[in-house]
Amino acid sequence: MIDLAQDTPSTPLLRLGAQPIALTAAALLLLIAGVTSIAIWRAYTGAAPETDRVVASRQLQARTAQASEQLVEKTKGLEATQQESIDQLQVVQDQLQTMKRLMAAQQADTKRLSEQVAALNESIDGLRQSFASARATEVETPTVTRRKPARHRVHASARKGSRG
């Protein structure tokens, strides 16, 4: 035989499940009471988190826009500064090229003048040597007897002719 008493639930929870309308009505009342209490609390305090969130998000957007504008202006300033630096660098490079050209020209002039001075020194040395050798030959050659001036010769030859 089968015992029917064992099939019937004896727990109170299972008895509540048997009446779903009462359970649903109790849950609905709790839900309405919660929403009503939140509405009363907001009305009483005057604070609405949604509006606060909207205001906060708008402030954040405004700050972001302001930061973006500042960033754009700073970027433009940096670009201008960079362009000025590039221009100054170009001027300095041009001046450096000019200085290099001038330096090369001066070095070429210095080299040319050094070569001319060396050539002049060689010429002077050559002249000194020839002058020294000319003096040496004058000292080595016997002294030539001096001739009497032509006037004395004429008188001397006239005397010889009158003597004879």
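The values are calculated or read from the model by the stated rules, or taken from the named source; none is laboratory data. Keep in mind that this is a model prediction, so the values were computed, not measured. Quick reminder, even Gly has a Cβ in these numbers, built from the backbone with ideal geometry, and neighbours come from all protein chains shown. The accessibility values were calculated without ligands, DNA or RNA, using every heavy atom of the protein model including side chains. Shrake-Rupley method; radii C 1.70, N 1.55, O 1.52, S 1.80 Å.
Take the Cβ-Cβ distance between Met103 and Glu79 as r, set R0 to 45 Å, and report the resulting FRET efficiency rounded to the nearest 0.05.
0.80
Between Leu120 and Ala39, what is the label-point separation in nm under the 7 Å Cα-to-beta-carbon projection?
11.6 nm
Counting only the heavy atoms of the protein chains, how much of Thr45 is accessible to a 1.4 Å probe, in Å² to the nearest 10?
Accessible surface of Thr45 is approximately 70 Å².
Once a ≥ b ≥ c are taken as the square roots of the eigenvalues of the Cα gyration tensor of region 41-126, is the result rounded (a/c under 1.5), prolate (a/b larger than b/c) or oblate (a/b not larger than b/c)?
Prolate.
Might you work out the accessible area of Leu28 for me, using a 1.4 Å probe with all protein chains in place, and round it to the nearest 10 Å²?
My reading of the accessible area for Leu28 is about 100 Å².
Hey, rough spin-label estimate for Leu89 and Leu60, points 7 angstrom out along Cα→Cβ, what's it come to in nanometres?
A separation of 4.1 nm, rounded to one decimal place.
Give me the percent of the accessible area of region 29-84 that comes from carbon and sulfur atoms, probe 1.4 Å, all protein chains in place.
After summing per-atom areas, the C and S share lands at 64 percent.
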